[in-house]
1. Condition (residue is at pLDDT 70 or above, under 45 Å from the mean Cα position of the chain (by Cα) and among the acidic types (Asp, Glu)) applied to the range 25-37: is it met by at least one residue?
2. Taking the conditions exactly as written (within 20 Å of Leu58 (Cβ to Cβ) and surrounded by 15 or more Cβ atoms within 10 Å (Cβ to Cβ)), does Ala137 satisfy them or not?
3. Out of all the residues in the range 127-152, which are hydroxyl-bearing (Ser, Thr, Tyr) and over 40 Å from the mean Cα position of the chain (by Cα)?
4. Going by the conditions given, is Asp84 modelled with pLDDT of 90 or more and among the charged types (D, E, K, R)?
5. Which numbered condition in (1) touching a helix residue (DSSP H, G or I) at 6+ places or on another chain (Cβ under 7 Å); (2) free of Cβ contacts under 8 Å to residues at least 24 places away in the same chain is the only one that Leu338 fails?
6. Restricting to the range 337-366, name every residue that is under 13 Å from Glu316 (Cβ atoms) and aliphatic (A, V, I, L, M).
7. Being at positive phi, acidic (Asp, Glu) and either out of contact with any helix residue (DSSP H, G or I) (no Cβ under 7 Å at 6 or more places or on another chain) or not assigned by TED's automatic domain parsing to the domain that holds Val215 (or both) is the requirement here; does Asp138 meet it?
8. Say whether the condition of being in the same structural domain as Thr110 (by TED's automatic domain parsing), assigned to a helix (DSSP H, G or I) and out of contact with any Leu (no Cβ under 6 Å at 6 or more places or on another chain) is met by at least one residue in the range 202-209.
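The values are calculated or read from the model by the stated rules, or taken from the named source; none is laboratory data. Note that the structure is a prediction, hence the values are computed from the model and not measured. So basically every Cβ, Gly included, is an ideal-geometry build from the backbone, and we count neighbours across all protein chains shown.
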Amino acid sequence: MGILDFLSGQFIDVIAWTDDTRDTMVWRFEREGHEIKYGAKLTVREGQAAVFVHEGQLADVFTPGLYMLETNNMPILTTLNHWDHGFRSPFKSEIYFVNTTRFNDLKWGTKNPIIVRDPEFGPVRLRAFGTYAVKVADPAKFLKEIVGTDGEFTMDEISFQIRNIIVQEFSRVLARSAIGVLDMAANARELGTLVGREIAPVIAEYGLSLPELYVENVSLPPAVEEVLDKRTSMGMIGNLNNYMQYQAAEALGRDGAGAGALQAGLGAGLGMQMGQQAAQQVGPWGAAPAAAAPQGPAAAVVPPPPPVEHVWHIAENGETKGPFSKASMGRMAATGALTRDSFVWTAGQDGWKRAGEVIELAQLFTIMPPPPPPPAG
């Protein structure tokens, strides 16, 4: 290799960058000595910008295209140094390629809860998270303010700072919006728009922009969510007394098995009491003892068990209503809500029957009030 071939190898002929990392924002074109040859070709692809730094001073920014590095299209560099000398005078320049495409699906979230005053619940603590996208809007400013002399600057080096800015502005917007906690989901898009609008001036000072910012979720602390779930459950239950009656009817069973078991238990208890009374009246050898005068205080008479109170169900328009007590059935008969043709059922009854065919209910329709007293004369 001759001396001329060796010298020509020390200069850059083609300057280009192909990014395959997907997270590199700035990359410096490396060549020993950073010596750029007069007439070299600079290729800037779509989604890129090339920033020239000459002897520590930012010289020019090139947008996508193919450039021949000559004095006629580089007037700024010509004034900085003698480019018309064809690079014979010693100087050094650096070229930084800046990725101007969007960096999508970046995460943000609150580390600590945000305390806001909710119009319905009062002071509450909220957490939020979402995604955002960022891109370089001003390559020269981004290089001067953020990158500096870093030869390979990645998104991870700036994402932490951007997340802090988003959380700070989100806290301010949320505190001033006066949006209720229960309405956060319906206003998530508006919240993202407001936060992005507030962040834009701050991010622009770094040479960046936020094309998109999304609020995916705003959540309450677990303890508050548990109380809110209970409140929602109470709202769904409605009238608590009706709910308790429904639960009692469910415990008895839809087919009357529970009520039948209850009546069977009461009948068994009555049978045991009758057996005990018969054993007291019959002597040890099976004969009834002779009547004798009472030797002491009269034996206490065991009262009979109270009658079993039936509960009734009414079939109307294909639906079952109840259970109702006999007193409730009487009131409904008086108002006309229960008629002789109404179908009723109680535990132990063989299928549905008309109310007029049930002896216990038929009397409800035969009892008539006495005539009113004569007017006072």
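1. no
2. yes
3. Within the range 127-152, just Thr149 meets the criteria.
4. Working: modelled with pLDDT of 90 or more: no; among the charged types (D, E, K, R): yes.
It is false that Asp84 is modelled with pLDDT of 90 or more and among the charged types (D, E, K, R).
5. (2)
6. Ala337, Leu338, Val344, Ala355
7. Answer is no for this residue.
8. Within the range 202-209, the subset in the same structural domain as Thr110 (by TED's automatic domain parsing) is 202-209.
The next check asks that each one be assigned to a helix (DSSP H, G or I); those that pass are 202-204.
Checking which are out of contact with any Leu (no Cβ under 6 Å at 6 or more places or on another chain) leaves us with 202, 204.
Yes - at least one qualifying residue is present in the range 202-209.
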